[in-house]
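Student: Okay, here's the structure, questions in a sec.
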Amino acid sequence: MNIVGLDSLVFGVDDVAACCQYLTDYGLLPKNVCAEGGEFEALDGTSIVIRHRDDASLPAPLATGSMIRKTIHGCADQATVDAIAEELGRDRTVLRLADGAIESVDDMGFAIGFQVSVRKPLDLPAEAINAPGAAPGRPANVIGADESIEIIPRSLSHIVYFVPDSKKAEKFYIERLGFRVADRFTNLGPFLRPAGTLDHHTIFLVNTPPEMQGVEHFTFHLGGPTELLLAGKRFQDKGYESFWGPGRHIYGSNWFWYFNSPMGVHVEFDADMDLHDDSWTPREIDASADASQIFNFTLVNKWMPGGDPH
């Protein structure tokens with residue numbers, strides 16, 4: 001199945017205005033925002049959709065009350081969407097939408113959609129560095145520290161599901177949708193990537209008690225660690241509460257910074273994720289702080305030698 005990645009996540013929320021403001025401040029581009037909700041896009045067209053919890057157009061919520069209502073996967077072509085419809089239609093209801101997309105549920109009851117991907121090709125420079133022994137990433141007289149830069153998330157990266165049976169959930173995504181395991185925390189669950197991307201993962205499954213089922217976090221890719229640190233600082237300065245980070249993960253290698261949100265999930269900035277092809281051999285280790293992060297900072301606002309760090 002040529003699934004290329006996540007196209008959109010749809011939430012049904014209690015406070016529409018707060019969620020819309022949050023995602024705008026996060027850096028996404030607001031589209032068609034009104035009292036009923038709106039869409040918030042990254043540079044490649046991937047997005048978060050906000051609707052009120054009682055919006056009749058939304059799929060039914062999980063029994064836990066989690067605000068995630070639908071995860072939409074982008075496919076390379078309509079043939080892939082049709083193949084998925086045929087596969088899932090063997091044992092569950094598949095809705096065919098007017099635009100050619102389909103909607104169903106996974107084995108954990110999460111609403112999932114598939115469509116020809118909205119992702120637009122990006123042609124943007126990555127963060128450039130200078131290091132002794134390597135050709136200059138930035139030529140002479142080009143500065144690397146610019147507080148004025150505009151930071152817009154580039155692409156929807158991944159989602160983390162809390163599931164009551166990670167083995168059953170994993171089997172569904174691998175056997176029915178062609179995902180592969182990139183790495184695994186033995187006592188939690190796998191990092192999964194679909195066939196159409198080299199990104200380390202687009203889904204991470206975390207085994208939890210049934211009453212916790214929902215989404216732990218989602219994240220968008222930024223252009224590099226400097227963008228991540230600056231975006232996170234700006235977000236924190238707007239009054240949003242940091243949850244974890246900044247730091248750098250071990251599995252996936254991506255830089256991270258997580259924040260609390262009014263959507264009932266954590267929202268992450270990430271940058272510089274590993275890429276893997278089918279020749280990669282997945283690693284496996286028990287989950288722990290030592291296995292999760294190569295380092296993790298706690299930032300003060302600003303400080304200079306001789307100054308008070310508080």
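Here, each number is a calculation from the coordinates, and none is a lab measurement. All values derive from a computational prediction rather than experimental measurement. Every residue, glycine as well, gets a Cβ built from its backbone with ideal geometry; the counts of neighbours run over all protein chains shown.
Student: To the nearest µm²/s, what D does Stokes-Einstein give for segment 9-122 at 20 °C and 1.002 mPa s, using the Kirkwood radius over alpha carbon pairs as Rh?
Tutor: Numbers: Rh = 15.0 Å.
Answer from the Stokes-Einstein relation: 143 µm²/s.
Student: OK, next. Given R₀ = 22 Å, FRET efficiency for residue 97-residue 172 by Cβ-Cβ distance, to 0.05?
Tutor: Values: r = 21 Å, r/R0 = 0.97.
According to the calculation, E is roughly 0.55.
Student: Can you figure out the FRET efficiency of residue 147 with residue 287, using R₀ = 35 Å and their beta-carbon distance, to the nearest 0.05?
Tutor: It comes out at approximately 0.45.
Student: Also, quick follow-up: Rounded, prolate or oblate, given the Cα gyration tensor of segment 35-96, with a/c below 1.5 counting as rounded?
Tutor: Values: a/c = 2.64, a/b = 1.29, b/c = 2.05.
It comes out oblate by the Cα gyration axes.
Student: Whole number please: convex hull volume per residue of the Cα set in segment 183-253, in Å³?
Tutor: Once divided by residue count, the hull of segment 183-253 is 127 Å³.
Student: Identify the chymotrypsin sites (Phe, Trp or Tyr not before Pro) of segment 251-310 meeting these criteria: DSSP loop state and at most 16 other C-beta atoms within 10 Å of the C-beta.
Tutor: Filter output for segment 251-310: 280, 297, 303.
Student: Choose one answer from 106, 272, 183: the residue with the largest mean-square fluctuation in a GNM of the chain with alpha-carbon springs under 10 Å.
Tutor: 106
Student: Also: Given R₀ = 41 Å, what would the calculated FRET efficiency be for residue 274 paired with residue 54, taking r from the Cβ atoms and rounding to 0.05?
Tutor: About 0.50, to the nearest 0.05.
Student: Expressed in nm², what is the orientationally averaged projection area of the convex hull enclosing the Cα positions of segment 225-286?
Tutor: Values: hull surface 22.0 nm².
That works out to 5.5 nm², a quarter of the Cα hull's surface.
Student: May I ask for the net charge around residue 228, where only other residues with Cβ less than 12 Å from the Cβ of residue 228 are counted and Lys, Arg are +1 while Asp, Glu are -1?
Tutor: Neighbourhood net charge equals -1.
Student: Also, quick follow-up: Along the three principal axes, how long is the chain when you take its alpha carbons, biggest first, rounded to the nearest angstrom?
Tutor: 66, 48, 38
Student: For helix 16-26, what angle does its Cα long axis make with the longest principal axis of the chain, in degrees from 0 to 90 and rounded to 10?
Tutor: For helix 16-26, the angle is close to 50 degrees.
Student: With loop defined by DSSP as not H, G, I, E or B, and exposure as at most 12 other Cβ atoms within 10 Å, which is the longest segment of the chain clear of exposed GluC sites (Glu not before Pro)?
Tutor: With a cap of 12 other Cβ atoms within 10 Å, the longest stretch comes to 37-146.
Student: Using only alpha carbons, build the gyration tensor for segment 131-211 and give me the equivalent ellipsoid semi-axes, biggest first, whole Å.
Tutor: After scaling each eigenvalue by five and taking roots: 38, 16, 13 Å.
Student: Where does the charge balance sit around residue 209 when Lys and Arg score +1, Asp and Glu -1, over other residues with C-beta under 14 Å from its C-beta?
Tutor: That works out to -3.
Student: Can you run the Rg to Rh ratio on segment 77-179? Use alpha carbon positions and the Kirkwood inverse-distance Rh. Don't jump to the answer; show the numbers that get you there.
Tutor: Values: Rg = 21.2 Å, Rh = 17.9 Å.
Expressed as Rg/Rh, it is 1.19.
Student: Which lysines, on any chain, are close to residue 70 with Cα under 19 Å apart, when same-chain ones fewer than 8 places away are left out?
Tutor: Within reach: 31.
Student: A further question follows. Going by C-beta contacts inside 10 Å, put 70, 302 in order with the fewest on the left.
Tutor: Arranged by neighbour count, lowest to highest, 70, 302 become 302, 70.
Student: Residue 90 to residue 242: extension gain in nm, 0.36 nm per residue of separation minus the Cα-Cα distance? Mind showing how you got there, number by number?
Tutor: Numbers: separation 152, 0.36 × 152 = 54.72 nm, distance 4.40 nm.
Between residue 90 and residue 242, full extension yields 50.3 nm more.
Student: Right, something else. Output the direction-averaged projected area (hull surface divided by four) of the convex hull of the alpha-carbon atoms of segment 185-306, in nm².
Tutor: Mean orientational projected area (segment 185-306, Cα hull): 9.4 nm².
Student: Could you list 16, 206 so that the one with the fewest beta carbons within 10 Å of its beta carbon is first and the one with the most is last?
Tutor: So the residues, fewest neighbours to most, are 206, 16.
Student: If I build a Gaussian network model for the chain, linking alpha-carbon pairs within less than 10 angstrom, which residue out of 30, 121, 225 has the largest mean-square fluctuation?
Tutor: Ranking 30, 121, 225 by mean-square fluctuation puts 121 first.
Student: May I ask for the distance between the Cα centers of segment 121-137 and segment 255-271, given as a whole number of Å?
Tutor: Between the Cα centres of segment 121-137 and segment 255-271 lies a distance of 26 Å.
Student: Place +1 on the Cβ of every Lys and Arg and -1 on the Cβ of every Asp and Glu in segment 29-174, take the dipole about the Cα centre, and give the residue among 151, 104, 135 whose Cα lies farthest towards its positive end.
Tutor: Working it through, the farthest residue towards the positive pole turns out to be 104.
Student: Using 0.36 nm per residue of separation minus the Cα-Cα distance, give me the extension gain between residue 303 and residue 140 in nm, one decimal.
Tutor: 55.9 nm
Student: While we're on this one: Can you tally the net charge around residue 122? Count Lys and Arg as +1, Asp and Glu as -1, for every other residue whose Cβ sits under 10 Å from the Cβ of residue 122. If you can, show how the numbers build up before the last one.
Tutor: Working: positive: 119, 120, 154; negative: 44, 123.
Summing Lys and Arg as +1 and Asp and Glu as -1 gives +1.
Student: Sticking with this one: Which percent, to the nearest 5, of DSSP beta bridges fully inside the chain are antiparallel?
Tutor: Antiparallel: roughly 65 percent of the beta bridges in the chain.
Student: Among the trypsin sites (Lys or Arg not before Pro) within segment 86-147, which fall in a DSSP loop and have no more than 15 other Cβ atoms within 10 Å of their own Cβ?
Tutor: Those satisfying the criteria are 90, 92.
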